[in-house]
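Reading through the structure tokens given below for one structure.
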Amino acid sequence: MKNVFSHLRVSSEYSITQGLLTINQIVESAVKHSIPSVALTDRSNMFGLVKFFNKCEASGIKPISGSSIRVIFDDDEQSHEPVSYTHLTLPTTPYV
């Protein structure tokens, strides 16, 4: 069995304060390095997913959708710092 590696946390240009790569650069890099799937987890939005899915599917890369979301809990008296969660969707069909 060959080693398979997939990036599960990638931010694009749609993460204004976090990502620098365009959707095209992300997918082209995955193709260049023979990465079978990539998760797009932009910060607090999912604006790039349609473009990401179209580009991935056209390039033979399996897209995984997600988002990185920051949450502040009101009942936390210790700290008012946001907690960051990364959410990924699970495909209904396995990528094998």
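The values are calculated or read from the model by the stated rules, or taken from the named source; none is laboratory data. In this text the structure is predicted, and so the values were computed from the model without any measurement. Cβ atoms come from the backbone with ideal geometry, glycine included; neighbour counts cover every protein chain shown.
What the table below lists for this structure:
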| item | result |
| --- | --- |
| Selection count where residues are surrounded by fewer than 19 Cβ atoms within 10 Å (Cβ to Cβ), hydrophobic (A, V, I, L, M, F, W, C) and outside any strand (DSSP E or B), scope region 36-72 | 6 |
| The listed residue being touching a strand residue (DSSP E or B) at 6+ places or on another chain (Cβ under 9 Å) and of a type in the set (D, E, K, R), out of 28, 57 | 57 |
| Pick from region 1-16, criterion among the hydrophobic types (A, V, I, L, M, F, W, C) and in a loop (DSSP other than H, G, I, E, B), ranking: modelled with the lowest pLDDT | 1 |
| Close pairs (7 angstrom Cβ cut-off, 6 or more residues apart or separate chains): in contact (Cβ under 8 Å) with a residue 40 or more places away in the chain and within 25 Å of residue 71 (Cβ to Cβ) in region 33-61, in a helix (DSSP H, G or I) and hydrophobic (A, V, I, L, M, F, W, C) anywhere | 52/23 |
